[in-house]
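What follows draws every value from the coordinates through simple rules; no lab data is involved. Bear in mind that the values here come from a model prediction, so they are computed numbers and not experimental data. Please note: Cβ atoms are built from the backbone with ideal geometry, for glycine as well, and neighbour counts cover all protein chains shown.
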Amino acid sequence: MPQWNRATVASVVLAALALAGGITLIAVAAARDGSATGAAGRVDPSGPVWGFVRSDVTAPAGVLEVPASAAGGSWQVIDALASARATISRQDVGRYRVTFPGIGVAGGRGAALSTAVGAPAPPVVVEAPGAESPEAAGGAPGASDRAGDASGGRERRAAHCQVSTWDAVPPDATGGGRVARVASADDRDDSDDPDDSDDPDDSDDPDSADDPDSADDLDEEDGADGAASTGRRDEQVDLVCRDPSGAYADSRFTLLFTYVPDGRAAAGGAPYAYVRHDGKAEPAPRPPDGHSVAGPGTIEVRRVATGRYTVDLIGSDFIRTGNNLQLNATGGGAAGCNALDREVLADRQSILVGCTDGGAWADTPFVLLYTDHGALVPTGARGFAHVFTGVAVDGGPVEPAPLGDAVGAWARYSANSAGAANTVRRVEVGVYEVVFPKVGRGPGLLSVSAYGDATSRCTAAGWPEVTGDAGAGDLTVTVRCVDAAGRAVDSHASVAYTSAGFET
């Protein structure tokens, strides 16, 4: 199993300083006024845009629109798109496509990340209106219920999901990504959903949806003919889910897409940075705002050994406490990537990333999102919280949370928009219970990334549970971590939750 101790880190980083092939991504430029128009009249957003979904089914038989209780996005402040829905389609076993309406950004810019969510067995199959069932198409009776389930009735192994690729696509008039709102039981009465409370007043939330940047920048050019007439496009994200053996496996999941143009900042001025790296050693030209944004600052990425990279977030904004890291391998392969360590220096935070395929180091493209005392989305959040599951006692080494009673999360890497104290409890080997007090309001996004060992994979065991005040209750998350063989392991994890501020 690959190991990354501090001695190894030191030697590798020193070697990296001698490399001439470092990749520097500058994340600062003058802000643009209005929307940016590119080739063929396309319009890229001039302000921050984002969208997220959670999938409640593992094997949809067609293109499904995501209910309001399970999605949020900046398109919801655009008059022409206020009733549009994100969609999910299953391309094959363990392969999915999510389309966000009207927020497309050309060239694969921005960042997209996915987290697997434990699913009950057998997998649930929901057919889109008008979709032909496998039986009607000549398949065996019950084939749809078995779609993607290679377990033969045995307990399904935990899956791990990560993004493959993302890019802007033309609006699909047939409903591939711009689906008119359809009333459903979920919409008419979601009072039983603890993660979808209707709060009539967000006015006391400093990071709420009344941020003028998000509404003005997105809505400025949309007329009665809708987003298509302005050249706006949808954002299409593909993701894959695999079991520990590397085989494709159907799974529930969460997915986030986020983009902030150069010269713009996240709500409240909190540091917000992301980088999409191709995993190679050779330098590659990048547009200034193409794959990273950090407000005033610079991001440097270096490959220091096979499957190992340093990501330096340079600038005074990156040396304070409270930050959270979310990471995905990209490209659709079987390899995965984790943050292995990080070090705060006088002028930067240096993050060490390791990627493995099974138990072997492997050069792998990846995407990393860094937030600090802020939400996973750059604008429009109603509430947020994040923790690191490891704890350090009296300046000692970082260890897994103790078994038994909950303990306060390590303050250095913990934040809560309600000002409450997050807690962590280790339930058993590889299983952690995280409580985010007073932020449980929906719809919400949960993201989990393993930390510390390159071969570990951590996921959400299920959807968060909310107790107490329905408007802002205590949210409980269960996290499960496994090693390369799928066995429970006491890995550290970065866990983050954000609720959306837009309601339709």
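Using only the Cα atoms of segment 396-438, build the gyration tensor, take square roots of its eigenvalues as a ≥ b ≥ c, and label the shape rounded, prolate or oblate: rounded if a/c is under 1.5, else prolate if a/b is larger than b/c, else oblate. Cα axes put segment 396-438 in the oblate bin.
The dipole here belongs to segment 354-433: it is taken about the Cα centre, uses +1 on the Cβ of Lys and Arg and -1 on the Cβ of Asp and Glu, and is about 300 debye. Each label was represented as a point 7 Å from its Cα along the Cα-to-Cβ direction; for Glu343 and Ser245 these points are 4.1 nm apart.
Given R0 = 22 Å, the distance between the Cβ atoms of Arg320 and Ala392 translates into a calculated FRET efficiency of 0.80. The residues neighbouring Gly404, those whose beta-carbon lies less than 13 Å from its own, together hold a net charge of -1 under the Lys/Arg +1, Asp/Glu -1 convention. Taking label positions 7 Å along the Cα-Cβ direction at both Glu465 and Arg412, the computed distance is 3.2 nm, reported to one decimal. The slack in the chain from Ser83 to Glu282, taken as 0.36 nm per residue of separation less the alpha-carbon distance, amounts to 67.2 nm. If you take all other residues with their beta carbon under 14 Å from the beta carbon of Asn338, and give Lys and Arg +1 and Asp and Glu -1, the sum is -1.
The phi-based Karplus calculation (6.51 cos²θ - 1.76 cosθ + 1.60; θ = phi - 60°) puts the 3J(HN,Hα) values of segment 431-439 at 10, 10, 10, 10, 10, 10, x, 6, 10 Hz, whole numbers, x for Gly and Pro.
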